[in-house]
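Down below is the structure, laid out as structure tokens.
The values are calculated or read from the model by the stated rules, or taken from the named source; none is laboratory data. Please read all numbers here as calculations on a predicted model, not as lab measurements. Counting neighbours? That spans all protein chains shown, and the Cβs are built from the backbone with ideal geometry, glycine included. What goes into the accessible areas is simple: the full protein's heavy atoms, side chains included, and nothing from ligands, DNA or RNA. Shrake-Rupley method; radii C 1.70, N 1.55, O 1.52, S 1.80 Å.
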Amino acid sequence: MIQSRNQLRTAALVAVSGGLIVTASACAPQGNSTDPDYAGGVTTCDYPSSGVEPAKPVDPPPSSDVPAEGEVTYTIEMNEGPVTITMDRSKAPCAINSFASLAEQGYFDDTQCHRLTDQGLFVLQCGDPTGSGTGGPGYAFADEEAGEYTKGTVAMANSGPNTNGSQFFLVYEDSPLPPDYTILGHMDDASVETVGTMAGESHDSSNGPGDGKPNNEARIQSVTRK
């Protein structure tokens with residue numbers, strides 16, 4: 001499962017079965033979003049406290065007038081090159097709103113991706129400034145649309161239903177996971193190649209065979225909207 005390190009100590013690498021819980025949905029257009037470049041349908045999201053201090057000082061994202069239509073693209077500048085992700089707001093408006101807020105606040109800047117898997121599952125997991133696999137933004141939010149985790153997919157990591165925070169994973173080869181992880185967006189081919197380059201250096205197996213801290217620096221330098 002794509003989860004925090006403390007849970008990895010008691011869970012096998014193989015994914016367990018689970019059902020998708022869809023709790024957020026787009027609404028009909030009802031006003032202007034807080035995004036100055038957006039004019040379309042909006043929804044409301046809930047970002048309750050997770051009960052844990054943020055891994056890095058950050059404010060929760062706005063919860064009202066959240067854009068719920070159209071696509072937006074973000075570029076993660078990494079040590080091996082840019083990783084560009086196109087996100088569909090109609091499928092995961094609350095996850096995208098959170099990601100955008102964290103990016104704008106510099107939450108992801110100068111952080112290292114902390115987990116790489118290369119047996120059975122093929123993902124690079126990022127988004128925890130502590131690099132421990134347990135850090136988050138101090139809030140959580142509900143699951144949204146999931147699906148298949150094919151090559152190029154970017155999805156939210158979690159520690160159970162409706163526990164999304166800041167961690168996400170980049171799928172560099174098709175990975176047989178259950179539909180328990182909100183799909184944030186999809187990388188272009190060049191970005192998949194960039195992630196594959198980092199994955200090609202393998203990991204330290206600190207979480208067991210096929211799973212550990214990347215040997216490559218796998219550092220996020222910045223995240224910007226295109």
Those residues of the range 172-222 that are outside any loop (DSSP other than H, G, I, E, B) and basic (Lys, Arg) come to a total of 1
Take the residues of the range 186-226 that are out of contact with any Leu (no Cβ under 9 Å at 6 or more places or on another chain), within 19 Å of Ala157 (Cβ to Cβ) and touching a residue at least 24 places away in the same chain (Cβ under 8 Å): which is least open to solvent (accessible area, probe 1.4 Å)? Ile220
Every residue from the range 173-185 that is over 22 Å from Ala140 (Cα atoms) and open to solvent by 20 Å² or more (accessible area, probe 1.4 Å): Glu173, Asp174, Pro176
Out of all the residues in the range 136-146, is one or more small (Gly, Ala, Ser) and in contact with a His (Cβ under 7 Å, 6 or more places away or on another chain)? no
Residues to consider are Ser25, Ser63, Ser50, Ser98; find the one that is modelled with pLDDT under 95, under 19 Å from the mean Cα position of the chain (by Cα) and closer than 17 Å to Asp143 by Cα. Ser25
Filter the range 145-156 for residues that are open to solvent by less than 10 Å² (accessible area, probe 1.4 Å) and over 12 Å from the mean Cα position of the chain (by Cα); the one that is nearest to Tyr74 (Cα to Cα) is Gly152
